[in-house]
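Below is one structure, written out as structure tokens, with a few remarks after it.
Bear in mind that the values in this text are calculations on the coordinates, not laboratory data. These numbers were taken from a predicted model, which means no experiment stands behind them. Note: ideal-geometry Cβ built from the backbone for every residue, glycine included; neighbour counts use all protein chains shown.
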């Protein structure tokens, strides 16, 4: 199947949240450094923490305190991190500046868009509402909305179901390898948001996405008639 012909348009566009639609790194990294300060430790450089924001509490506790799930003391630090983050999550978090024109373009073209995030609803729903995105989003699927989170395709399939568009007519935009894996497993085209946090491990070029874009403004070209290089799906 190919929908790369000029004039093709997606049936719906789904976005990851942190690092794709919004820049939440200052508050996530800030919560981690607040924990370090409370223990008399020096703050870590922002860029070091920013790269791990996509892994949520696990990434912040792992980077800030060198502990992983299952390690002694990890659960307590994770819970403290989540408490601290909840208290400050609207302090510095903002929608990426170039995202607003993109969402306005999608609205003008009557292309529905939604959010699929691994962030728990406890944090995601009030944050999305505070940022003014909730009313415009055709679907919001959080990390605990379905029994599985990304890279499982279930959250993406659920978002497509809520919007009423077949998964193969959807595009998923995200900044993590898990986003590409989930999107491909759901039968969607995948676009890698290179302005995001990207994480550690393989470079984005090796994730198997359909396109990599440097900034949200480049998505306008993809969604304005040029089409996307969809892979043939079985």
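Before moving on, here are some points about what is shown:
- Extension gain, residue 221 to residue 41: 0.36 nm times the residue separation minus the Cα-Cα distance gives 60.2 nm.
- Exposure proxy order (Cβ contacts within 10 Å, fewest to most) of 21, 219, 67: 67, 219, 21
- Once both labels are positioned 7 Å from their Cα atoms along Cα-to-Cβ, the gap between residue 95 and residue 131 label points is 0.9 nm.
- Compactness relative to 2.2 N^0.38 Å, alpha carbon Rg of the chain: 1.01
- Fully extending the segment from residue 76 to residue 120 would add 14.0 nm, taking 0.36 nm per residue of separation and subtracting the current Cα-Cα distance.
- Cα gyration tensor, segment 25-88 - rounded (a/c under 1.5), prolate or oblate: rounded
- Over segment 25-88, relative contact order from alpha-carbon pairs under 8 Å, at least 6 apart, %: 36 percent
- Computed extension gain for residue 104 through residue 48, at 0.36 nm per residue and net of the alpha carbon distance, reaches 16.9 nm.
- Debye-sum result for segment 105-170 in log10 I(q)/I(0), which assumes one identical scatterer on each alpha carbon, at q = 0.12 Å⁻¹: -0.30
- Between 0 and 90 degrees, the angle of helix 121-130 with respect to the longest Cα principal axis of the chain falls at about 70 degrees.
- Normalised contact order of the chain, rounded percent, pairs of Cα under 8 Å and 6 or more residues apart: 28 percent
- Sorted ascending by nearby beta carbons within 10 Å, beginning with the fewest, 96, 46 become 46, 96.
- Cβ crowding within 10 Å averaged over residues, with 113-119, 139-145 ranked highest first: 113-119, 139-145
- Legend: Rg and Dmax of segment 58-145, from Cα coordinates, 16.1, 52 Å.
- Arranged from fewest to most other beta-carbon atoms within 10 Å of their beta carbon, 74, 197 become 74, 197.
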